[in-house]
Amino acid sequence: MTNINELPADLPIPQDDGAADHLRGMKLPNVALQATNGQMIDLGSIKQKLVIYCYPMTGRPNVALPEGWDQIPGARGCTPQSCAYRDHYQELQSLGAQVIGLSVQTTEYQKEMADRLHLPFAVVSDVHYQFQQALKMPTFISAGMTLLKRVTLIANHGVIEAVHYPIFPSDSDAAWVLEYLKTH
């Protein structure tokens, strides 16, 4: 059984395919998404510095990942990425940033993950692809599911000012965001 908390050493490295090049400077859409904290969160209405890390899907303990998952560049690593944000959450907050995770999984699925990993921030469900379609976020298909590619957006006053894409390894993302926030 695969350990979803650790990254295998031989993962393929995602290449920059240009699929996120258009995002910098875009306004976040006013789309209300269901969050793991029970609220509806309109990402476009958040005026403070906002970090939205978008990820494909989290695995669950003792449940097999989709066949071939580890061979898809950038797919593996959602749990380590979320844990890195959890571990750096206080520092991100001290820099004035609100953190939100986002995937197309259902809120119920996300809530199990958020509770199990003790995430101190909300994770929102774009199960109907409203956020993805509004921003033309990059996707891929695995096991018949259309999933988001891993991309992190840093927005200020509702406008995307920085984009981290591609992200590898996934657990380095929070450190990249911290460095960006400290220098901008």
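For the reader, a short list of remarks on this structure follows.
- One residue stands out among those in the range 75-124 that are among the basic types (K, R) and farther than 14 Å from A35 by Cβ: the one that is surrounded by the fewest Cβ atoms within 10 Å (Cβ to Cβ), which is R116.
- Matching residues, the range 63-93, being assigned to a loop (DSSP other than H, G, I, E, B), within 17 Å of the chain's Cα centre (by Cα) and closer than 15 Å to L148 by Cβ: I72, P73, G74, A75, R76, G77
- Candidates are the residues of the range 96-131 that are over 16 Å from D42 (Cβ atoms) and of a type in the set (S, T, N, Q); the one that is nearest to the chain's Cα centre (by Cα) is S103.
- Test: K47 is within 25 Å of I160 (Cβ to Cβ), among the basic types (K, R) and at pLDDT below 95: yes
- When residues of the range 159-177 are limited to those that are in contact with a helix residue (DSSP H, G or I) (Cβ under 8 Å, 6 or more places away or on another chain) and surrounded by fewer than 18 Cβ atoms within 10 Å (Cβ to Cβ), the one farthest from V99 (Cα to Cα): P169
- Test set (1) in contact (Cβ under 8 Å) with a residue 12 or more places away in the chain; (2) in a helix (DSSP H, G or I) - E179 fails condition number: (1)
Every residue, every condition in (1) over 20 Å from K136 (Cβ atoms); (2) not in a strand (DSSP E or B), yes or no:
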residue	(1), (2)
L7	yes, yes
I13	yes, yes
D16	no, yes
A20	no, yes
R24	no, yes
Q34	yes, no
I41	yes, no
T58	yes, yes
P61	yes, yes
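- Meets criteria (more than 12 Å from the chain's Cα centre (by Cα) and either hydroxyl-bearing (S, T, Y) or not in a loop (DSSP other than H, G, I, E, B) (or both)) for A162: yes
Residue-wise test of (1) in contact with a Lys or Arg (Cβ under 8 Å, 6 or more places away or on another chain); (2) surrounded by 14 or more Cβ atoms within 10 Å (Cβ to Cβ).
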| position | (1), (2) |
| --- | --- |
| P8 | yes, no |
| P12 | no, no |
| D21 | no, no |
| A35 | no, yes |
| M40 | no, no |
| I46 | no, yes |
| V51 | no, yes |
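- In a residue-by-residue description of the range 131-140, the property of being of a type in the set (F, W, Y), crowded, with 18+ Cβ neighbours inside 10 Å and outside any helix (DSSP H, G or I) applies to no position.
One line per residue, one yes/no per condition, for (1) touching a strand residue (DSSP E or B) at 6+ places or on another chain (Cβ under 9 Å); (2) touching a residue at least 60 places away in the same chain (Cβ under 8 Å); (3) of a type outside the set (S, T, N, Q):
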| position | (1), (2), (3) |
| --- | --- |
| S82 | yes, no, no |
| D87 | no, yes, yes |
| Q105 | yes, no, no |
| K111 | yes, yes, yes |
| L117 | no, no, yes |
| V123 | yes, yes, yes |
| Q130 | yes, yes, no |
| A143 | no, yes, yes |
| H157 | yes, yes, yes |
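- Residues of the range 43-56 classified as more than 17 Å from the chain's Cα centre (by Cα) and part of a helix (DSSP H, G or I), total: 1
The values are calculated or read from the model by the stated rules, or taken from the named source; none is laboratory data. Since this is a predicted model, take the numbers as computed values, not measurements. Neighbour counts are summed over all protein chains in view; Cβ atoms, including those assigned to glycine, are modelled from backbone coordinates with ideal geometry.
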